[in-house]
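Some notes on the structure that comes next.
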Amino acid sequence: MTTKTPRAYWKPLAIGAPEPYRELPVKLERMIHFVPPHNEKVRAKLPDLAKTVDIVLGNLEDAIPADQKEQARKGFIEMAKTVDFGNAQLWTRINCLNSPWVLDDIGEIVAEVGDKLDVIMLPKVEGPWDIHYMDQLLAQLEARHGLTRPILVHAILETAEGVKNVEAIATASPRMHGMSLGPADLAASRGMKTTRVGGGHPDYGVLADAKGDAPRAFVQQDLWHYTVGKMVDACLSAGIKPFYGPFGDFSDPAACEAQFRNAFLMGCVGAWSLHPSQVEIAKRVFSPEPEEVKFAVRILEAMPDGTGAVMIDGKMQDDATWKQAKVIVDLAKQVAAGDPERAVLYGFTA
Ligand code: GLV
Ligand code: MG
């Protein structure tokens, strides 16, 4: 495949557009909280909500009825203009690129509130061509409306074609923020035989070998392991961020927590919250465990220059565990900076 030269990669795609970020802004992104912007009651609660979440996302795509698409867009512009989001980021999920609404979603939102918007989430991304289109169009609009910082793009990984092309999507542009697994659309696109939004399935598992007439254990497996692994490698190798997406069964917080935790352990930085009850779950899961943080701090302290080998509580530590410990401590510091309660739990008080 022909790619751009290194120098061209960092040039704005329109005269007058802001330069792409070389490094992504460092921000806590444990949950992307979805709100339906056409709902006035929901909009009225946003100032309080914004204090409790890392990201507020105004959803314009699936779950918004076709006859409310315009109201949702208008509602989003209204909320972006009027609400003080404080430390929370403001994102929107626009309609997909072949829909009748997307051109106005992008055009009107960037024109009216482009300076307030951190990230556009793009659904049903199939390949790098979708990102290139967004990249060029956003640069033109940023230039036209005099924006001084680039709007980032976050892809949803939710088609078989997208998963096949995930590495090319991750590296398509310096505008890429990261991506989220979209298990509902992905299941349909792949022909999976499920009717759920994320999570496991009771029939997907491994049956223990038969031993005479003894009962055989059946252990449920994670349906999303392969895709999350593929997404994490594509994202981290490209310096962008992977997220678990939605978990649709609000009546099963334990299963939501287990699914989010698998994603966290595998490298994801956050997940979507579709219901207020999932905000706390995401906060708990995507902030490292205090005991884990304290152990990681001990590793860093035992190996001040990050090299060599030491034993801590009977466990071998070396340069590689030092790097793992640093991932955890760096995240804990980031969490502690915005969360005084967790700062105390981590032992990071001044
Ligand atoms: C999210 O958009 C999904 O399809 O799971
Ligand atoms: Mg979807």
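Every number in this text was worked out from the coordinates using simple rules, so none of it is lab data. These numbers come from a predicted model, not from an experiment. Note: ideal-geometry Cβ built from the backbone for every residue, glycine included; neighbour counts use all protein chains shown.
For the chain, set up a Gaussian network in which alpha carbons nearer than 10 Å are linked by springs, and say which option among Trp91, Trp224, Trp129 fluctuates the most.
Trp129
How many angstrom lie between the C-alpha centres of the range 9-55 and the range 312-338?
Centre-to-centre distance over Cα atoms comes out at 28 Å.
Kindly provide the Kirkwood hydrodynamic radius of the range 158-273 in Å, to one decimal, from all pairs of distinct alpha carbon atoms.
15.3 Å
To check you understand DSSP bridge types, tell me what percent of the beta bridges within the chain (both residues inside) are antiparallel, rounded to 5.
Once the DSSP bridges in the chain are tallied, antiparallel ones form about 20 percent.
P(r) for the range 146-186: what percent of alpha-carbon pairs falls in each 10 Å bin, starting at zero?
Percent of pairs per bin, in order: 29, 46, 18, 6.
Can you put Asp118, Asp313 in order, fewest other beta carbons within 10 Å first?
Final ranking by Cβ density, sparse to dense: Asp313, Asp118.
Which of Asp222, Asp330 comes first, and how do the rest follow, when ranked by fewest Cβ neighbours within 10 Å?
So the residues, fewest neighbours to most, are Asp330, Asp222.
Would you mind checking Lys4/Lys326; Lys116/Lys283; Lys116/Lys323 for any pair whose Cα atoms are more than 28 angstrom apart?
Lys4/Lys326; Lys116/Lys323
If you put +1 on each Lys and Arg Cβ and -1 on each Asp and Glu Cβ, how big is the dipole of the chain around its Cα centre, in Debye rounded to 20?
Computed about the Cα centre, the dipole is about 360 debye.
Would you work out the relative contact order for the chain, in percent, from Cα pairs under 8 angstrom that are 6 or more residues apart?
It comes to 14 percent, rounded to a whole number.
Please arrange His154, His201, His225 by how many other C-beta atoms lie within 10 Å of their C-beta, fewest to most.
With the fewest neighbours first, His154, His201, His225 line up as His225, His201, His154.
Kirkwood hydrodynamic radius for the range 1-121: how many Å is it when counted over pairs of different Cα atoms?
15.7 Å
Give me the base-10 log of I(q)/I(0) for the chain at each q in 0.13, 0.15 Å⁻¹, Debye formula, one uniform scatterer per Cα, rounded to two decimals.
Scattering profile of the chain, log10 relative to I(0): -1.08, -1.37.
Jot down the radius of gyration and Dmax of the range 247-350, Cα atoms only, both in angstrom.
Answer for the range 247-350, Rg first and Dmax second: 15.6, 48 Å.
Compactness ratio of the range 291-346: Cα Rg over 2.2 N^0.38 Å, N = residue count?
Computed over Cα atoms of the range 291-346, the ratio equals 1.16.
R0 = 22 Å: FRET efficiency of Leu103 with Thr2, Cβ-based, nearest 0.05?
So, using R0 = 22 Å, E works out to roughly 0.20.
Pick from Tyr21, Tyr244, Tyr226 the residue whose mean-square fluctuation is largest in a GNM of the chain, springs joining Cα atoms under 10 Å.
Tyr226
Where in the range 112-153 does the amide nitrogen come within less than 17 Å of the point 7 Å from the Cα of Ala63, taken along Cα to Cβ?
120-124
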